[in-house]
Amino acid sequence: SFYISRLSLKNCIGQTFAMNEMKVVTALTLKRYQLMEDPEIKPKMVPRLVLRSLNGIHVKIKPVEPDL
């Protein structure tokens, strides 16, 4: 019990703020751009507890047309 509480003291004070800021930046980026799968490079999937790709996941980014 003491060991767990000792580890929690080492967390950064701004960790929660930084995580929220990252979520806002990601949401604003996804609002302005559309992510599309690159048809030339298919991911090579590795079945595990969490599905992973050996060669990464390649995407193309396209700006979203603004609604007028």
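A short reminder: the numbers here are calculations on the coordinates, not readings from a lab. Worth saying up front: this structure is predicted, and the values here are computed from it rather than measured. Please note: Cβ atoms are built from the backbone with ideal geometry, for glycine as well, and neighbour counts cover all protein chains shown.
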Charge tally in the Cβ shell below 11 Å around residue 36, where Lys, Arg are +1 and Asp, Glu are -1, residue 36 excluded: 0
Cα-projected label distance for residue 29 with residue 41, points at 7 Å along beta-carbon direction, nm: 1.6
Pairwise FRET efficiency - residue 22 versus residue 49, Cβ, R0 = 25 Å, nearest 0.05: 0.50
